[in-house]
Amino acid sequence: MKKVVEEKEKEEEKPKEAVKKPSGKDEALDFASLIEGSIEQARKLNVVRGIEELEKVTSITQLTDLIVRKAWESGTSDIHIDPMDDSLVIRYRIDGVLYDVLSLKKEVQPLIITRIKVLSSMRTDEHLVAQDGRYRAEFDTGNVDLRVSIIPTFHGENVVMRLLVGGARALGLEKLGFSDKDLKKIQNYIRKPYGMILATGPTGSGKTTTLYSVLQILNSRDVSIVTIEDPIEFAIPGLTQIQVNATTNLTFSQGLRAIVRQDPNIVLVGEIRDTETASIAVNAAMTGHLLLSTLHTNDAATTLPRLLDMKIEPFLIATTVNVAIGQRLVRRLCQDCKEQYTMSKEEIETLAELMPKELLEANRTVFRAKGCEKCNHTGYVKRQGIYEVLEVTEEVRELIKRRASSDDIRAKAREQGMTTMLEDGFAKVATGITSIEEILRVVHD
């Protein structure tokens, strides 16, 4: 009896021993089950053409490459990999708007995040701290650099990857969308040997692109241009570009202290974030350097009181700041499907609270988004800037010295001919470049 039981136990163990490790083909089938349903969902969303190539994906490496490649091909600025309770959602920011592209099974989450950590030289065994990294993705059609940020959340680690496409930064000022009047103002001030030029606006409003375009005009062998940035988004030949590095205490302020001892003519500071950086920047602008930088403010007029908040003396601001450029990015109407219409009296009355009624009455016929195959039914393709350029004239300087409010400074600048962002935006609406809805989305609260 004992012998029979032993033989029976051996028989039960045989199937377990007979199980072999999966072959490459079996692994492919297992992986396919993880992305089951995502392919049909990608077709339904119809945001990114070709994402259905998922059906050819057989590994986490291929999946990661596909997500990045399709983002790059579709003009995405940021990839969001968001963990949910029971899924992993992939979103692309295209022309400033986030779109859902894929929803993957929760089991994919640790695989794809580990792969991104390996590519970005991050710690794969650390899941409870924020990490930053960078890597280059290489494709047959070109290369793209990615700045990667990972943070722990309630449902797991969240990833955002910023696509740093150098070619997008290589625009001339005249291609950014400045009006002829504003373009002449900026060209006048960038030729001055000293002072400050500040680009202002929220994150993602094109400030860095504007300053890079200025640097390309100024870049020549007879001047020394040094930048300190976080990150360096576009390598420009002929410039000395420095990357901020918190681990070695190379901050904006420390880097700027070192830069002014490097005999530069022109200095670009990626962002003025604190009192120390602002103070050093102002002193550099006073001692014969042309200094370019960015500030996070709502408009050009708010820039000057913001420097006051950073404990910079009013007479120093009045002396050093030459021009402040307020800006936003708006989506351009698809030229294949945009439709023309005439604004109603009610629309004009509403908009008259925001801009001159005469301007609205003179341009009652405008364009709006519709949607077609070429624009993936969004009604928009790519983006363009809308701007306001505030010159620091003698009258504005006097207001700064008296610590005047941003409203007073704005009123004086408008009196002297400054076109506001809303007015510049509406001029682009009238010529069919963008829509009223888009202008109000990015400018008006």
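The values are calculated or read from the model by the stated rules, or taken from the named source; none is laboratory data. Nothing here was measured: the structure is a model prediction, and the numbers come from that model. Glycine gets a Cβ as well: all are built from the backbone with ideal geometry, and neighbour counts include every protein chain shown. For accessibility, only protein heavy atoms count, side chains too; no ligands or nucleic acids. Shrake-Rupley method; radii C 1.70, N 1.55, O 1.52, S 1.80 Å.
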- Task: Please go through the stretch 115-165 and write out the GluC sites (Glu not before Pro) that DSSP classes as loop and that have at most 13 other C-beta atoms within 10 Å.
- Result: Glu126
- Probe 1.4 Å, accessible area per residue of the stretch 181-319, Å²: 42 Å²
- Task: On a C-alpha basis, how far is the centre of the stretch 98-149 from the centre of the stretch 262-339 in Å? Whole number, if you could?
- Result: 33 Å
- Task: Provide Phe426, Phe154 ordered by accessible surface of protein heavy atoms (probe 1.4 Å), highest first.
- Result: Phe154, Phe426
- Would you mind telling me which residue in Ala301, Ala285, Ala235 has the biggest mean-square fluctuation in a Gaussian network model of the chain, where springs connect alpha carbons within a distance under 10 angstrom? Ala235
- Message: Could you tell me how far the Cα centroid of the stretch 186-209 sits from the Cα centroid of the stretch 385-420, in Å?
- Response: 16 Å
- Task: On the full set of protein chains, 1.4 Å probe, figure out the accessible area of Thr297 and give it in Å² to the nearest 10.
- Result: 10 Å²
- With all protein chains present, calculate the accessible area of Glu107 using a 1.4 Å probe and round the result to the nearest 10 Å². 110 Å²
- Task: Would you look at the GNM of the chain, springs on alpha carbons closer than 10 Å, and say which of Leu351, Leu316, Leu215 moves the most?
- Result: Leu351
- Given Cα pairs under 8 Å that are at least 6 residues apart, what percent is the relative contact order of the chain? 11 percent
- Query: Looking at the stretch 320-384, how many pairs of lysines come closer than 16 Å at the Cα, when each pair is eight or more places apart or spans two chains?
  - Reply: 6
- Message: Keeping all protein chains in the complex and leaving out DNA, RNA and ligands, what accessible area do you get for His296 with a 1.4 Å probe, in Å² to the nearest 10?
- Response: 80 Å²
- Task: Using only Cα atoms, figure out Rg for the chain and give it as a multiple of 2.2 N^0.38 Å.
- Result: 1.22
- Taking springs between alpha-carbon atoms closer than 10 angstrom, which of Thr141, Thr200, Thr251 fluctuates most in the Gaussian network model of the chain? Thr141
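Trypsin sites (Lys or Arg not before Pro), restricted to the stretch 310-379: which are DSSP loop and have at most 16 other Cβ atoms within 10 Å?
Filter output for the stretch 310-379: Lys311, Arg364, Lys370, Lys374.
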